[in-house]
Number of protein chains: 2
Amino acid sequence: MAVSPHVDLSRRERQIMDVIYARGSATVREVMDRIPDPPSYSAVRAMLRVLEEKGHLKHEQDGPRYMYLPVVPREKARDSAMKQMLRTFFDGSAERAVAALLDMPGSGLSRDELDRLAKLIEQARKEGR
Amino acid sequence: MAVSPHVDLSRRERQIMDVIYARGSATVREVMDRIPDPPSYSAVRAMLRVLEEKGHLKHEQDGPRYMYLPVVPREKARDSAMKQMLRTFFDGSAERAVAALLDMPGSGLSRDELDRLAKLIEQARKEGR
DNA sequence: GCGGTGTTGCTAAAATTTTAGCACTATGCT
DNA sequence: AGCATAGTGCTAAAATTTTAGCAACACCGC
């Protein structure tokens, strides 16, 4: 069963997975409250069930209700989403992506953050030998 | 009409928009050839028509065929996709996103690229005063 | 001129996604 | 105990997405 994250998801399924990845886990109600143009409680429930059938989610009993969790760990999903993003908008170049992040309107990178990034780059340079 | 890029697209619509943004523009056949698990020519045509109706695409006559172009410019679409990505996978932090790009498996940032990025950061630091 | 190829314009159907709603269970409060 | 609240399990229908296929037109090489 492929479970390739982020591709072959429908519109609402993607919105739901986004919420769950953003929070780490979520209940039906939490998902619903965070979806734009929110669908009904029932609709969300049904879609969570479908996502579970498809192997994207699992759930645990959390007191009286279900807590849904991603099957593919956040980091893996993140990486494959990033790759897709690089292909689509940055001609596959990680450099360009970083550059775009640096001057994204409202990304608001503070001096401290920039310092830390400078260090990371320095480090990558040393390692990449 | 909103035309908010990337949200409220169906699965195939998104795949199509991705191809078009990746290439800048595309014909029916070009789109079809670049979609995984490719749909029929007819299907692609129909979806391009729908995307045009919805205001995501426009087309120009290119010799005998149509050339489809995005209505929202690449950079704008890119930024909003990036923001979504930051929210979902990086807790809204551009710094974390950059860090992830730096050690993404197979991102393959060369020494030269790292050098250029170091410069960009230096520059951002100076400007951000 | 003629057939083959590649395109668009349609329409309608198949498939999937999305929604609503009823039945039932557990919990907490009075 | 009785009732309201909040949850799940289902099923079935509505809505949207996705597909197939025919008709017409233009172009190209023969």
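Within the range A:1-58, the only residue that satisfies the criterion of being modelled with pLDDT of 90 or more, over 18 Å from the mean Cα position of the chain (by Cα) and within 26 Å of A:M85 (Cβ to Cβ) is A:V50.
Apart from one condition, A:A99 fits all of (1) open to solvent by 40 Å² or more (accessible area, probe 1.4 Å); (2) in the same structural domain as A:I121 (by TED's automatic domain parsing); the exception is (1).
Residue count for the range B:85-129 under the criterion of being assigned to a helix (DSSP H, G or I) and either more than 7 Å from chain A (Cβ to nearest Cβ) or among the small types (G, A, S) (or both): the result is 15.
The values are calculated or read from the model by the stated rules, or taken from the named source; none is laboratory data. The model shown is predicted, which means the values in this text are computed figures rather than measured ones. FYI the Cβ positions are ideal-geometry reconstructions off the backbone, even for glycines, and counts take in every protein chain you see. The area values use the complete protein model at the heavy-atom level, side chains included, leaving out ligands, DNA and RNA. Shrake-Rupley method; radii C 1.70, N 1.55, O 1.52, S 1.80 Å.
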